[in-house]
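A.B. asks: Take this structure first; my questions come after.
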Amino acid sequence: MSVIECVFCELMSSGDAQWVKQDGDAVAFLPLPEGSLAPGHTLVVPRAHCVGVQDADPQALHASIDLVQRLSLAMSSALGATGVVVLNASGAHSGQSVNHLHFHVVPCWADDEATFWPSDRSVHSVAGEPRTLLAEALS
Ligand SMILES: [Zn+2]
């Protein structure tokens, strides 16, 4: 998918969105109403195109996470949220809906019984011990 065909790049280019924050290396806007999980559910997106956390420019990723934090604090101060759920899917078979890195930031309240934590469990098996393989890959 080219940047031209990317719905989020097109959206940032056209300016046609329900903006929460439009300037900077990362932007924030509301999802389409039918996709909203809670009042104030917001998407945080780096301005520079990348598919997921795997290929993100570090500066764009840092700007996105910084905005996730600032937005979470705003959800507390402006909406009275007591917590947030931050959701991201990156790459093939992750359930990623738009192939431009994005974080869903969903406010939560004490009187809300909604839960957004995945209920499914993977049935995939890995050849080897996952913790050891990951530790070796990071060393
Ligand atoms: Zn894009």
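Derivation of every value follows stated rules applied to the coordinates shown; laboratory data play no part. As the structure is a prediction and not an experimental result, all values here were calculated from the model. Every residue, glycine among them, receives a Cβ derived from its backbone with ideal geometry; neighbour counts consider all protein chains shown.
A.B. asks: Give me the pairs: first residue in the stretch 110-139 and within 30 Å of GLY80 (Cβ to Cβ), second residue assigned to a loop (DSSP other than H, G, I, E, B), beta-carbon distance under 8 Å, and six or more apart or on different chains, which are they?
C.D. replies: Between residues of the stretch 110-139 that are within 30 Å of GLY80 (Cβ to Cβ) and residues that are assigned to a loop (DSSP other than H, G, I, E, B), the close pairs are ALA110/THR82; ASP112/ALA38; ALA114/LEU37; ALA114/ALA38; PHE116/LEU37.
A.B. asks: If you go through the stretch 1-42, how many residues are in contact with a Leu (Cβ under 7 Å, 6 or more places away or on another chain), closer than 15 Å to SER64 by Cα and free of Cβ contacts under 8 Å to residues at least 24 places away in the same chain?
C.D. replies: 1
A.B. asks: Name the single residue that is nearest to PHE116 (Cα to Cα) among those in the stretch 1-53 being part of a helix (DSSP H, G or I) and more than 14 Å from the ligand (Cβ to nearest atom).
C.D. replies: The residue in question is GLY35.
A.B. asks: Right, here's the next one. Hey, any hits in the stretch 93-106 for a residue that's away from the ligand (no atom under 16 Å from the Cβ), in contact (Cβ under 8 Å) with a residue 12 or more places away in the chain, within 30 Å of LEU138 (Cα to Cα) and surrounded by 14 or more Cβ atoms within 10 Å (Cβ to Cβ)? Before you say what the answer is, go through the steps one by one.
C.D. replies: If we filter the stretch 93-106 for residues that are away from the ligand (no atom under 16 Å from the Cβ), which is where we start, we get 93-95, 104-106.
Imposing the further condition that a residue be in contact (Cβ under 8 Å) with a residue 12 or more places away in the chain reduces the set to 94, 104-106.
Subsequent filtering for residues that are within 30 Å of LEU138 (Cα to Cα) retains 94, 104-105.
Checking which are surrounded by 14 or more Cβ atoms within 10 Å (Cβ to Cβ) leaves us with 104-105.
Yes, the stretch 93-106 has at least one match.
A.B. asks: Here's another thing I want to ask about it. Between a residue in the stretch 45-72 that is closer than 18 Å to PRO107 by Cβ and without any contact (Cβ under 8 Å) to a residue 60 or more places away in the chain and any residue that is of a type in the set (S, T, N, Q) and away from the ligand (no atom under 16 Å from the Cβ), which pairs come within a Cβ distance under 8 Å, given they are 6 or more apart or on different chains?
C.D. replies: Qualifying pairs under 8 Å: LEU71/THR42.
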